[in-house]
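K.L.:
Input: one structure, supplied below.
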Amino acid sequence: MSFDVARARRAYPALAEGFVHFDGAAGTLVAEPVARAVAGVLGGAVSNRTTAFEPGRRALRIVEQARAAVGDLLGADPAGVVFGPSATALTYTVARGLAEQWQPGDNVVVTRLDHDANVRPWVQLAARAGVEVRWAAFDPATGALPTDVFGPLVDGRTRVVAVTAASNAIGTRPDVAAIAGIAHEAGAVVYVDGVHATAHLPVDVAALGADYYVTSAYKWSGPHLAACAATPQQWERTAMLKLLPSPDAVPERFELGTPSFELLAGVEAAVDFIATLDDEASGSRRDRVLRSMAAVDAYEMDLFDRLLKGLRAVPSVRVLPAPEGGCPTVSFRVGDQNPARTAGLLGEQGICVFSGDYYAAEYFIAMGLRESGGAVRAGLYHYTTAEEVDRLVAAVAQVL
């Protein structure tokens, strides 16, 4: 594997502004080829989709190429890639569709580790359908989500198991494949929130056992657009309200209204860019994506080890527990300082971090920290440098 952080950084014009970005867990900077692709569509002749004339055929190609790109990123069937404005919106779409078949006495399983976008849609639709919600708890001492907690929760009346591929708060990576095995043995559908994981790891939705896998392009250098991947057969089993003239076919029937062709072009460009992050990668785009993301993972985890050691060496810092092998994201508090105050002081130095619960509401409620401001979150990305890590640690040591 070959990863050159200096070469990667040259692809991000925004880095020239001089900010230190540890806000990557909330969204990444846009790579230059992505911005160029978006602008190219906006400046060209692209109409709504039709085969009657060339601008309409361009729109058709943009959509087809974007689906193929996401398929290569995730190891998914392009014919089962549905686009939407956000992962939250897509999850609500799927939840509403699946809930049409739920009956009283059924149950759904959610976790207290997940982003609320993979909790509240299931909880709310379960309440409407009179369906039980069962909660998988993480271990507060370690931050792990043990696979064995799912066994007692899942049974023949379980309709959905919703689980994250990686916590956006502390980086924990549950054993999704093992959890999916438990769910599938009982006949349940598995909905995986891959928003945080996709930016840091090679992804194979089939290997994970995900019946649905949702991701957001702005987490991996792309535009603000999301995609949910499932097999076409799985989408066929999912109900959807639509306009009469709108296509009945999968995946189009799940995409309400005219899509943003410029953003779809940006999605394709983002996947093409990801495939270049290992400059020794070769073969198909899928092959190059897998190798590049493996190189990214190795680089980020070495850097993350440096960050954790640095933060833990600061006497006033409390790092929230997380198991090894997660994504490079850490939540911490500095003494008794309100996390918003910490983030503000770091921001005054040009260091970008978030504070609060970052929508991981159930996690912070379980940890007893939500009412007191949650925590500060620092997330690495492949354009983070060792010098930036050291700058963050030094600044944290001085903010109290």
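The values are calculated or read from the model by the stated rules, or taken from the named source; none is laboratory data. Every value quoted in this text rests on a predicted model; they were computed, and no experiment measured them. Here the Cβ positions follow ideal geometry from the backbone for every residue, glycine too, while neighbour counts run over all protein chains shown. Quick note on the areas: whole protein, heavy atoms, side chains included, nothing else; ligands and nucleic acids left out. Shrake-Rupley method; radii C 1.70, N 1.55, O 1.52, S 1.80 Å.
K.L.:
Please identify, among TYR12, TYR363, TYR191, the residue showing maximal mean-square fluctuation in a Gaussian network model of the chain using a 10 angstrom Cα cutoff.
P.N.:
The residue with the greatest mean-square fluctuation here is TYR12.
K.L.:
Taking only protein heavy atoms and a 1.4 Å probe, what accessible area per residue, in Å², does the range 244-400 have with all protein chains in place?
P.N.:
Working: 6650 Å² over 157 residues.
Accessible surface, normalised per residue, equals 42 Å².
K.L.:
Could you work out Rg/(2.2 N^0.38 Å) for the range 1-122, with Rg from alpha carbons only?
P.N.:
With N residues counted in the range 1-122, Rg over 2.2 N^0.38 Å equals 1.44.
K.L.:
If you average the C-alpha positions of the range 248-301 and of the range 358-400 separately, how far apart do those two centres end up, in angstrom?
P.N.:
If you average the Cα positions of each part, the centres end up 28 Å apart.
K.L.:
Summarise the accessible area of the range 269-386 (1.4 Å probe, protein heavy atoms) by the percent that is carbon and sulfur.
P.N.:
Values: 2290 of 4680 Å².
After summing per-atom areas, the C and S share lands at 49 percent.
K.L.:
Here's something else I'd like to know. What is the extension gain from LYS242 to ARG312, computed as 0.36 nm multiplied by their sequence separation minus the C-alpha to C-alpha distance, in nm to one decimal?
P.N.:
Full extension from LYS242 to ARG312 adds 20.0 nm.
K.L.:
For ALA127 and GLU100, calculate 0.36 nm times their separation in residues minus their Cα-Cα distance, and state this gained length in nm to one decimal.
P.N.:
8.5 nm
K.L.:
Please give the length that would be gained between SER2 and SER372 if that part of the chain were fully extended, namely 0.36 nm times their separation in residues minus their C-alpha to C-alpha distance (nm, one decimal).
P.N.:
128.9 nm
K.L.:
What distance in nm separates the simple spin-label points at ALA298 and PHE19, each placed 7 Å from Cα in the Cβ direction?
P.N.:
Going by the 7 Å Cα→Cβ label model, 3.2 nm.
K.L.:
Suppose every Lys and Arg Cβ carries +1 and every Asp and Glu Cβ carries -1, with no other charges. What dipole size does the chain come out with about its Cα centre, to the nearest 20 debye?
P.N.:
Taking the Cα centre of the chain as origin, the dipole is about 600 debye.
K.L.:
Right, next: Could you check the simple spin-label distance between GLU252 and HIS184, using points 7 Å along Cα→Cβ, in nm with one decimal?
P.N.:
3.1 nm
K.L.:
Suppose R0 equals 56 Å. What FRET efficiency, 1/(1 + (r/R0)^6) with r the Cβ-Cβ distance, do ARG57 and ASP139 give to the nearest 0.05?
P.N.:
About 0.55, to the nearest 0.05.
K.L.:
How many angstrom separate the Cα center of the range 24-94 from the Cα center of the range 161-226?
P.N.:
The distance from the Cα centre of the range 24-94 to that of the range 161-226 comes to 20 Å.
K.L.:
Where the accessible area of the range 209-249 is counted over protein heavy atoms with a 1.4 Å probe, how much of it, in %, is carbon and sulfur?
P.N.:
C and S atoms contribute 64 percent here.
K.L.:
Among DSSP beta bridges lying fully in the chain, give the percent that are antiparallel, nearest 5.
P.N.:
Given both bridge residues lie in the chain, the antiparallel proportion sits at roughly 50 percent.
K.L.:
Which percent of Cα pairs goes in each bin when the distances of the chain are cut into 20 angstrom slices starting at zero?
P.N.:
Over the chain, the share of Cα pairs per 20 Å bin runs 28, 57, 15, 0 percent.
K.L.:
Choose one of VAL154, VAL119, THR50: the residue whose Cα lies farthest towards the positive end of the charge dipole of the chain (beta-carbon charges +1 Lys, Arg; -1 Asp, Glu; about the Cα centre).
P.N.:
The residue sitting most towards the positive pole is THR50.
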